[in-house]
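All of the numbers you see were taken from the coordinates with simple rules; none came from a lab. The structure presented is a predicted model; accordingly, all values stated were derived computationally and were not measured. Ideal geometry is used to build each Cβ from the backbone, glycine not excepted, and the neighbour counts take in all protein chains shown.
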Amino acid sequence: MDVVTVTKRSFGSVWGALSVLGLAVLLALPAANVLAQDATPVATSAYDPANCTTEPISVDRAAMLLATPVAAPELPVTDEGLVALPTGVPTSEEEMAVVSATIEQLWACNNARNKGAVYALFTDQAVQESVGFTEGSSWDTAELEAAVALSLVPGEPRAPDEWATIDAIVSATTYDDGQVGVVIVNTDPLVANGQQVQDYFRFVIEDGVAKVSGVILDPFDLTPGYGFEKAD
């Protein structure tokens, strides 16, 4: 997927910038192929930009969140240097239906180049951890709001041959705190040279609606130069 990043220095528009979490988004590596073979296929028609119906986050709220300093998340890693994802129980069909609705909106709104709608699907903390400042801000409020307003103006929807799509849901796990973690195999022509990649999304379900509470791009370091990179 391809999502806007906001820092003190610039405003960008790539999912890959969320790699600070490892958090669009793999050249058919054997490990990924094995995972995808038994995974649940997802229909691609849901990712048409016309299906993006989420109300965008307001400029005021986005600016307030981005101006609030937060520490970058520290990811737990295994002895092999890969991200250690939490354990839990298989997600129920009811929970997965709610999560799937949000996943479809994420991809449709991403293809619509509607950044405001994409981040409306994130919790406040997830917005801050994904694209917020990680150090003290020197922004003037008016300057920040103007920059955010400009960044959140929807772009021209992607052409069909540029649509990001989901190839498979590898796993869905419900944790003790009720959140749901989903590993998604997906393809985005504008990310990782259009190669298939595997990303992790965590969701919190409140009042029957799922919101993204965390993202880790390529947690198992399957794609060189993309997302999480284990230390040498």
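From the C-alpha coordinates alone, can you work out the Kirkwood hydrodynamic radius of the range 118-221, in Å? The partial results should precede the final answer.
Numbers: mean 1/r = 0.0622 Å⁻¹.
Result for the range 118-221, one decimal place: 16.1 Å.
Would you mind getting me the FRET efficiency between A149 and T53? Use the beta-carbon distance for r and R0 = 25 Å, nearest 0.05.
0.70
Counting only Cα atoms, I'd like the Rg/Rh figure for the range 60-112, Kirkwood definition for Rh. Mind dumping the intermediate values first?
Details: Rg = 16.6 Å, Rh = 15.1 Å.
In the range 60-112, Rg relative to Rh is 1.10.
How would you order 71-78, 211-218, 96-103 from highest to lowest mean count of nearby Cβ atoms within 10 Å?
Numbers: 71-78: 12.0, 211-218: 23.0, 96-103: 18.5.
Order by mean packing, descending: 211-218, 96-103, 71-78.
Rounded to whole Hz and in sequence order, give me ³J(HN,Hα) for the range 158-171 from the Karplus expression 6.51 cos²θ - 1.76 cosθ + 1.60, θ = phi - 60°, writing x for Gly and Pro.
Rounded to whole hertz, the list is 5, 6, x, 6, 10, 5, 6, 9, 9, 8, 6, 9, 6, 7.
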